[in-house]
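In what follows, a single structure is set out as structure tokens and then discussed.
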Amino acid sequence: MKLSVIIPTRNRAALAARAVASVCMQRDADFEVIVLDDGSNLEQRAALATGLAAFGQVRLIHLAPPDSPGSGPSAVRNAGIEAASGELLAFCDDDDEWVDPLHLARVIEAFAANPELDLYVGNQEGWYAGVPERTTWLPGLLAPSQQNTLPLVMTSAQWIKAGGFPHLNTLVTTRERAREIGGFWPLIRYEEDRDFFWRLLDRSRQSAYCPAIVARHHIPDRTLKVNASTRWSALDKRLMSAQVSRHVALSVTAPDIQKLASDAEAFDTQHLVHELLQRGERRQAARLAWVALGLRFSWRWLARTVLLQMKATLPGGAR
């Protein structure tokens with residue numbers, strides 16, 4: 001059973017080479033690495049080609065002309081899915097790395113042993129400024145241990161209680177299932193991984209979780225606006241997050257995942273109301289408060305919405 005590892009990158013040649021090197025440390029597994037460059041400048045393209053030259057199982061694909069705006073993370077990963085020759089698909093962000101050389105060997109063994117398995121998730125640490133900040137990624141699941149290397153079959157209820165969603169660095173699925181759900185949603189450039197996971201889980205016959213730490217996520221510098229998690233304003237991120245939640249709710253069939261997504265949209269919409277109030281935009285906040293109320297009713301939010309509507313009608317309330 002062959003596995004394809006998809007790594008999108010843009011203007012981060014040194015980091016991408018580190019990610020590829022970490023993936024190529026895998027042992028006892030048949031895999032290829034597909035690096036997709038999304039419009040890096042000429043200097044970074046040359047550096048990337050040099051950095052990848054030592055790795056024979058790597059395919060480098062240029063998706064956009066140099067210095068172009070690029071296609072975005074969803075479209076790039078979808079191109080990787082189409083280019084993949086493996087029956088299984090794994091992902092690694094270009095600024096992250098894998099730390100367990102037997103990760104793929106266990107993955108392939110798990111899929112070979114269970115024909116119903118469509119989704120496999122490992123664990124990872126979150127590092128910030130070179131030191132561990134999160135020692136486990138999903139706090140609601142079994143804690144990591146060197147002994148915990150056997151995958152556990154999971155239910156959607158367990159995933160919902162996990163305390164978040166798996167990072168792509170730790171996720172493996174079948175090429176067939178990824179294509180069946182249409183890959184990543186190309187209209188979004190933020191939280192596309194959350195959208196992908198919940199839609200994928202909804203279509204998966206069985207899913208499994210391995211508590212062993214297999215990856216290290218390097219949390220972006222919060223003072224720099226150089227990637228998707230830091231370049232957007234708080235308002236923009238809330239808007240996109242609410243949009244992702246609605247897309248999930250409309251795409252899945254499992255009632256518990258639908259409820260999770262609808263509750264998440266309501267939560268984000270309520271926070272959008274607070275963001276608008278901080279900007280002094282009372283009328284817009286009042287309109288959105290009614291939307292939040294329709295998503296998730298509570299008497300407390302109803303009272304708040306009515307109060308906001310009253311304030312918005314006062315002189316000067318348009319702002």
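The values are calculated or read from the model by the stated rules, or taken from the named source; none is laboratory data. In this text, all values refer to a predicted model and were calculated from it rather than measured experimentally. As a convention, Cβ positions derive from the backbone with ideal geometry for all residues, glycine included, and neighbour counts pool all protein chains shown. Just the protein is used for accessible areas: all its heavy atoms, side chains included, with ligands, DNA and RNA removed. Shrake-Rupley method; radii C 1.70, N 1.55, O 1.52, S 1.80 Å.
Could you tell me what percent of the accessible area of region 232-306 is made up of carbon and sulfur, with a 1.4 Å probe and every protein chain present?
Values: 2320 of 4090 Å².
Answer for region 232-306: carbon and sulfur cover 57 percent of the accessible area.
Considering the convex hull of the alpha carbon atoms of region 28-78, report its projected area averaged over all viewing directions, in nm², one decimal.
Values: hull surface 16.3 nm².
So the mean shadow area of the Cα hull is 4.1 nm².
Output needed for region 1-141: three equivalent-ellipsoid semi-axes, defined as square roots of 5 times the C-alpha gyration tensor eigenvalues, in descending order, whole Å. Don't skip to the answer; put the middle values down first.
On the way: eigenvalues 130, 71, 42 Å².
After diagonalising the Cα gyration tensor, the semi-axes are 25, 19, 14 Å.
Hey, with R₀ at 25 Å, roughly what FRET efficiency would residue 157 and residue 57 work out to, going by the Cβ-Cβ distance, to 0.05?
Values: r = 38 Å, r/R0 = 1.54.
Efficiency at R0 = 25 Å is approximately 0.05.
After finding the eigenvalues of the alpha carbon gyration tensor for region 184-293, what semi-axes result from the square roots of 5 times each, listed largest first in whole Å?
27, 21, 11
Taking all protein chains in place and a 1.4 Å probe, what share, in percent, of the accessible surface of region 91-179 do carbon and sulfur account for? Write out the running numbers ahead of the final one.
Values: 2150 of 3830 Å².
Answer for region 91-179: carbon and sulfur cover 56 percent of the accessible area.
Would you please state which residues of region 54-85 a label at residue 42 would reach in this model, taking the label point 7 Å out along Cα→Cβ and a backbone N cut-off of under 12 Å?
66-67
Tell me what the chain gives for mean residue ellipticity at 222 nm when only DSSP H runs of n ≥ 4 count, each as -39,500 (n - 2.57), the sum divided by the residue total, rounded to 500 deg cm²/dmol.
Details: 12 runs with 142 residues, N = 319.
Result for the chain, helices only: -14000 deg cm²/dmol.
Using a 7 Å offset from the Cα along the Cα-to-Cβ direction at both residue 113 and residue 306, what is the distance between the two label points in nm, to one decimal?
That separation, rounded to one decimal, is 5.9 nm.
Counting heavy atoms of the protein chains only and a 1.4 Å probe, report the per residue accessible area for the chain as a whole number of Å².
Dividing the accessible area of the chain by its residue count gives 46 Å².
If you bin every alpha carbon distance in region 241-319 into 10 Å steps from zero, what whole percent lands in each bin?
Calculated P(r), rounded to whole percents: 21, 44, 25, 9, 1.
By how many nm would the segment from residue 102 to residue 279 grow when fully extended, if each residue of separation counts as 0.36 nm and the alpha-carbon distance is taken off? Please list the in-between numbers first.
Details: separation 177, 0.36 × 177 = 63.72 nm, distance 5.05 nm.
Stretched fully, the residue 102-residue 279 segment lengthens by 58.7 nm.
Can you give the extra length, in nm with one decimal, that the chain gains between residue 298 and residue 28 once fully stretched, where that is 0.36 nm per residue apart less the Cα-Cα distance?
On the way: separation 270, 0.36 × 270 = 97.20 nm, distance 5.44 nm.
That pair, residue 298 and residue 28, stretches by 91.8 nm at full extension.
If the cut-off is a Cα-Cα distance under 14 Å, which aspartates and glutamates reach residue 161, setting aside same-chain residues fewer than 8 apart in sequence?
Partners found: 256, 263.
Can you classify region 149-212 as rounded, prolate or oblate using the Cα gyration tensor, where a ≥ b ≥ c are the square roots of its eigenvalues, rounded means a/c under 1.5, and otherwise it's prolate if a/b beats b/c and oblate if not? Working shown, then result.
On the way: a/c = 1.80, a/b = 1.45, b/c = 1.24.
Since a/c reaches 1.5 and a/b is larger than b/c, the shape of region 149-212 is classed as prolate.
So if each residue of separation counts as 0.36 nm, and I subtract the Cα-Cα distance between residue 291 and residue 149, what length gain in nm does that give?
46.6 nm
For the chain, I need the span (max minus min coordinate) of the C-alpha atoms along each principal axis, in Å, sorted largest to smallest.
69, 45, 37
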